[in-house]
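Written below as structure tokens is the structure these notes are about.
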Amino acid sequence: MRKAIETIKNIWKIEDLRQRILITILFVAIYRFGSFIVLPGINPAMLAKLHEQTSEGLLGLLNMFSGGAFSNASIFALGIMPYISASIVIQLLGIAVPYFQKLQREGESGRRKMNQYTRYLTILILLVQAPSYLLNLKAQAGPALNSSLDWTLFMVTSTVILAAGSMFILWLGERITDKGIGNGVSFIILIGIIARFPQSLFQELVSRMTERTGGLIMFLVEIVFLLFVIAAAVLLVQGTRKIPVQYAKRIVGNKQYGGARQYIPLKVNAAGVMPIIFAQAIMFIPVTLIGFTESGSGNSVINALTDYRSFWYNFVFAVMIILFTYFYTAITINPTQMADDMKRNNGFIPGIKPGKKTAEYIDEIMSHITLPGSFFLALVAILPAFAGLFKVQPEFAQFFGGTSLLILVGVVLDTLQQVESHLLMRHYDGLLKSGRIKGRSAGVSAY
């Protein structure tokens, strides 16, 4: 306790860090306030059916990402997910389309152009998702709409408002990145997830106590298991495999360089939570295109792909996570470049020839550690389905794994690492006595 109080005092002493934390809190407060501003012409007291629809399934997960704004018919209802979907498409184009490959090689100027294209694509996605959301709103909460509304005018104005709301959230995220702590877009998602946790926890407690499904003992067992899953997620984010590298001695003038053995830490999950977000964004497509309409309600295929407890949903989800883990690891880890960097610095892996052989060895090691990492990531992702088998409430079940838990763990570790770097840079003790906090080399901060 004394250590924690002393750390907080040290954080407050650093003016730059203090300002960044206060700015982050301000922007988060603005985001949360906007989540409760209802679209013009809607009676918030008549949204009970929409709340019921978003209490489980993929719509429940989408509502969690938006911090409850989706079920509140808020101006921020679509959240940050359209931007994430657009960024995924642009990253895929960077692999398949020569023009985007060229932009990636152009450095900062190319990155700015790709960010611009991402924003344009985000607007296009919003222009599709916003009318779909409004049609669903009419079907689920028709009485909440003002009877005197002109539906066509309402669709046009509300589409503009929803699109502007999502772009404003993106702007807030960028300001948090520039002037606050952590990656802004990731932090926005984190806040939405955390905002739903107290309500979900309380609902689970009430359910266990009133419906005779295990009582307080079962609830405590759930909490213990949740802590175990969080610990496993931390290991998944932080786990590394170290490759020894020997540097040859160099004498420049009167000084000697190199000669020491160092290690290259290769992460077991080098792709971070990106594969699970890639897969989740694709799983949202049926909801966006068909799930919002009544026509899709009787389709067994659509029902299976929009129910997180169904076998086919979890099977497709897990397979996509495994494939995306290999894909994203391949574009973030470049064994050839690593081998060339070692060769230029007179370094080599003992027993392995420099150059091509070193690149092949690193690639082989990455393949070996990526396989179990991808399966473990897929397992954590589908844990909510197993939680549902034990009659865990749908909203609370989402915290037992999946995108929500991994984002929560990854972003918290990344943010704590940034705070710790500020402390260590000014010669204060870090957040932990034993070792430093390991953040993510790749993850949702890639946005």
Residues ASP150 and VAL234, FRET efficiency given R0 of 41 Å [Cβ-Cβ distance, rounded to 0.05]: 0.20
For the stretch 1-133: rounded, prolate or oblate by the Cα gyration tensor [a/c cutoff 1.5]: oblate
Largest to smallest accessible area among ARG426, ARG309 [probe 1.4 Å]: ARG309, ARG426
The chain - percent of accessible surface contributed by carbon and sulfur, probe 1.4 Å: 64 percent
Estimated dipole of the chain in Debye, rounded to 20 [Cβ of Lys and Arg +1, of Asp and Glu -1, Cα centre]: 1900 debye
Exposure rank, largest accessible area first [PHE154, PHE390, PHE197; 1.4 Å]: PHE390, PHE197, PHE154
The stretch 1-158, dipole about Cα centre (Lys/Arg Cβ +1, Asp/Glu Cβ -1), debye to the nearest 20: 620 debye
Surface per residue (accessible, 1.4 Å probe) for the chain, Å²: 49 Å²
Proximal aspartates and glutamates relative to LYS13, as straight alpha-carbon distance under 20 Å, when same-chain residues fewer than 8 apart are discounted: GLU420, ASP429
Protein-only accessible surface order, largest first, of SER55, SER71 at 1.4 Å: SER55, SER71
Rounded to the nearest 10 Å², the accessible area of THR329 at probe 1.4 Å: 10 Å²
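The values are calculated or read from the model by the stated rules, or taken from the named source; none is laboratory data. All of these numbers come straight from a predicted model, not from anything done at the bench. A quick note on method: Cβ atoms are made from the backbone with ideal geometry, for glycine too, and the neighbour counts reach across all protein chains shown. Ligands, DNA and RNA are excluded from the accessible area calculation, which covers all protein heavy atoms including side chains. Shrake-Rupley method; radii C 1.70, N 1.55, O 1.52, S 1.80 Å.
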